[in-house]
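This report concerns only the one structure given below.
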Amino acid sequence: MLKQFFIICSGADTNILKDCSNGEQNKYAGIGATVFFTAVMAFIASSYALFTVFDSLYSALFFGVIWGLLIFNLDRFIVSTIKKRERFKDEFIQASPRIILAIIIAIVISKPLELKLFEKEINQVLLEQKNELTLANQDQIALQFTPKMEALENNITALQTEIETKETEVNALYAIYINEAEGTAGTKLLGKGPVYKEKRDKHDAALAELQELKNTNKEKITATEKEIVQLKLDYQTEVASTQPIIDGFDGLMARINALNKLPWLPSLFIFLLFLAIETSPIIAKLLASKGEYDFKYENQEHKVKTWTTQQIYQEKRMLEADNALNDKVYKDLAQEEALYAYKKKMARELIQKQQEAFYAKQTKIL
């Protein structure tokens with residue numbers, strides 16, 4: 001039962017093969033088994049690849065089955081259409097388009113399995129890429145907020161500098177009126193005289209201005225700091241809203257690109273393995289010598305070709321004979337006077353009826 005199933009998978013004519021030897025049947029059963037298991041590998045590989053795209057097991061299995069059946073049908077068609085020739089060169093030329101197709105199929109099949117086999121290494125590469133994208137995203141978003149934050153921070157610095165400048169001025173006035181009281185500067189008279197009072201009043205006025213400036217600037221600084229805090233919150237919100245996009249950066253194309261960053265030698269070996277599996281039925285057909293099945297199949301084709309050629313020739317001769325007979329019959333009929341007179345009579349009646357109809361029509365119009 002299993003042997004018969006694999007023979008069907010090989011695309012061989014079962015009616016011819018059942019009359020062949022067991023060795024010939026086993027050869028085609030082996031070719032069919034290769035076709036079948038290649039389709040199974042295609043199903044597994046495509047299901048995993050589609051699972052990374054749809055993230056749904058049922059969808060991946062459904063489309064994986066379709067892809068596996070497609071590969072099975074293609075391989076079966078490729079193997080069944082390769083015919084044994086007298087020269088290997090003719091067979092290879094016949095099989096060359098199918099070998100190219102097999103290479104394409106091997107690439108398609110091997111790539112998803114490479115993604116699965118090197119999943120841990122690919123995840124590491126993706127993690128590094130995600131970290132780089134996260135930092136780049138933060139820097140890019142920061143470009144939108146940094147100028148505003150720097151302007152607000154410069155504003156705070158300017159307000160604080162204004163206070164410090166005023167404090168320096170007040171401290172200088174304080175030193176002046178103290179030195180006047182001690183007699184170490186100014187009039188150099190010890191005691192609190194009129195000059196001392198004048199300088200003290202000037203200091204007190206500046207101190208009051210300083211206090212007022214501190215209150216005013218403090219309110220401005222507080223408001224500015226609130227704006228800075230809000231900008232930081234907006235920045236964090238923007239980063240948090242875009243981070244899921246980066247976290248989801250692990251689709252099929254991203255994994256393929258990550259795979260390409262890994263050493264190429266392991267991937268090459270896996271590709272060669274699947275190429276060998278995919279082309280093995282074709283190579284087996286090319287390397288195998290003509291067997292009993294090939295001779296019987298060729299004989300059957302020759303019989304069909306001979307019968308078709310005979311039918312075409314017979315139909316062609318029948319057509320030629322029929323045309324010759326028709327020409328002779330019509331030639332003889334053309335010589336008969338009775339047939340001529342009858343046809344002349346019918347033509348005369350037809351022309352008369354046409355003239356009468358034309359006259360009646362013209363009369364009606366007038």
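Is the range 351-364 home to any residue that is farther than 30 Å from residue 14 by Cβ and among the acidic types (Asp, Glu)? Yes: the range 351-364 contains one or more residues that are farther than 30 Å from residue 14 by Cβ and among the acidic types (Asp, Glu).
In the range 7-16, of all residues being surrounded by fewer than 22 Cβ atoms within 10 Å (Cβ to Cβ) and touching a residue at least 12 places away in the same chain (Cβ under 8 Å), the one that is nearest to the chain's Cα centre (by Cα) corresponds to 11. Report, by residue number, each residue of the range 233-287 that is within 30 Å of residue 29 (Cβ to Cβ), in contact with a helix residue (DSSP H, G or I) (Cβ under 7 Å, 6 or more places away or on another chain) and not basic (Lys, Arg). Answer for the range 233-287, where residues must be within 30 Å of residue 29 (Cβ to Cβ), in contact with a helix residue (DSSP H, G or I) (Cβ under 7 Å, 6 or more places away or on another chain) and not basic (Lys, Arg): 270, 271, 274, 275, 277, 278, 279, 280, 281, 282, 284, 286.
Look through 40, 35, 53 and report the one residue that is assigned to a helix (DSSP H, G or I), in the same structural domain as residue 273 (by TED's automatic domain parsing), at pLDDT 80 or above and closer than 30 Å to residue 257 by Cβ.
Result of the check over 40, 35, 53: 40.
Here the condition is being in contact with a Lys or Arg (Cβ under 8 Å, 6 or more places away or on another chain), at pLDDT below 80 and of a type in the set (D, E, K, R); of 290, 296, it holds for 290 alone.
Listed by first and then second residue, the pairs with beta-carbon distance under 9 Å, at least 6 apart or on different chains, first residue in the range 229-254 and more than 25 Å from residue 149 (Cβ to Cβ), second surrounded by fewer than 16 Cβ atoms within 10 Å (Cβ to Cβ) and at pLDDT below 80, are 251/53; 252/53. Of the residues examined, residue 94 is not one that is assigned to a helix (DSSP H, G or I) and in the same structural domain as residue 216 (by TED's automatic domain parsing).
Scanning the range 98-127 for residues that are hydrophobic (A, V, I, L, M, F, W, C) and more than 23 Å from residue 38 (Cβ to Cβ) turns up 122, 125, 126, 127. Scanning the range 237-257 for residues that are at pLDDT 85 or above and surrounded by 12 or more Cβ atoms within 10 Å (Cβ to Cβ) turns up just one, 238. Whether a residue is small (Gly, Ala, Ser) and within 30 Å of residue 91 (Cβ to Cβ) was assessed, and residue 280 passes this test.
In this structure, does residue 262 turn out to be outside any helix (DSSP H, G or I) and closer than 24 Å to residue 104 by Cβ? Yes, satisfied. Residue 111 meets each of the listed conditions (1) surrounded by fewer than 16 Cβ atoms within 10 Å (Cβ to Cβ); (2) touching a residue at least 12 places away in the same chain (Cβ under 8 Å) apart from (1).
The values are calculated or read from the model by the stated rules, or taken from the named source; none is laboratory data. All values derive from a computational prediction rather than experimental measurement. When we count neighbours, we look across all protein chains shown, and the Cβ atoms used for this are built from the backbone with ideal geometry, even at glycine.
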